[in-house]
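To keep things clear, I will list the structure first and then write my remarks on it.
The values are calculated or read from the model by the stated rules, or taken from the named source; none is laboratory data. A quick note: this is a predicted structure, and the numbers were derived from the prediction, not measured. So basically every Cβ, Gly included, is an ideal-geometry build from the backbone, and we count neighbours across all protein chains shown.
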Amino acid sequence: MMLITNSLMKRQTWLRNVSAQMSALAVVKIIRSLASDGGFNAVFAPLQVVLADQNCLKCRFQVTKETSNSLNTLHGGYIATLVDFISSVDLVRRGRLAHVSVELSTSYVKAAKMDSWVSVESYILKLGKTLAFCEVSLFDEA
């Protein structure tokens, strides 16, 4: 009985890993599609997808001259736009293709310096019929 249980657990773990990898590939395609639409979304083309499972979408990027302000730290406007973009990507990957942002609130705690790597994590807190509540956090990997 223990062998069957262990085998089943291994298979379930394998299926979760495959599903997460497939989700990550889908997210890469979504980001590439949005970033190549000829509009402002092109600034998000360098995003690297780290994880896309049922709970979290995690990406990362490096702070560059294009994403920084005159103090050579990550620009606050880029952060706010990224929060909106990543939460949208998270909704699209869950099948919510048509949506708009109703409210966006951003708190800035610490500056990310030029050339540093930043992680972005998106969580869908509640997914209703007409509204979704999302939380996005950025972390300096340094």
Next item on the list: Quick one: in region 60-83, of everything that is without any contact (Cβ under 8 Å) to a residue 40 or more places away in the chain and surrounded by 14 or more Cβ atoms within 10 Å (Cβ to Cβ), which residue is farthest from residue 104 (Cα to Cα)?
Entry: 67
Notebook entry, point to check: In region 116-142, how many residues are buried (at least 16 other Cβ atoms within 10 Å of the Cβ), among the small types (Gly, Ala, Ser) and without any contact (Cβ under 8 Å) to a residue 60 or more places away in the chain?
Noted result: 1
Next item on the list: Please state which of the following conditions residue 114 fails to meet, knowing it meets all the rest: (1) modelled with pLDDT of 95 or more; (2) under 17 Å from residue 83 (Cα atoms).
Entry: (2)
Item checked: Residues of region 85-115 satisfying the condition of being over 13 Å from residue 47 (Cβ atoms), surrounded by 15 or more Cβ atoms within 10 Å (Cβ to Cβ) and either within 16 Å of the chain's Cα centre (by Cα) or polar (S, T, N, Q) (or both) -> 87, 91, 92, 93
Next item on the list: Write out, first by first residue and then by second, each pair whose Cβ atoms fall under 8 Å of each other, whose residues are 6+ apart or on separate chains, and whose first residue, in region 101-112, is without any contact (Cβ under 8 Å) to a residue 60 or more places away in the chain while the second is hydroxyl-bearing (Ser, Thr, Tyr).
Entry: 101/87; 101/88; 111/73; 112/73
Item checked: Residue list for region 42-61, filter: over 14 Å from the mean Cα position of the chain (by Cα) and farther than 13 Å from residue 31 by Cα -> none
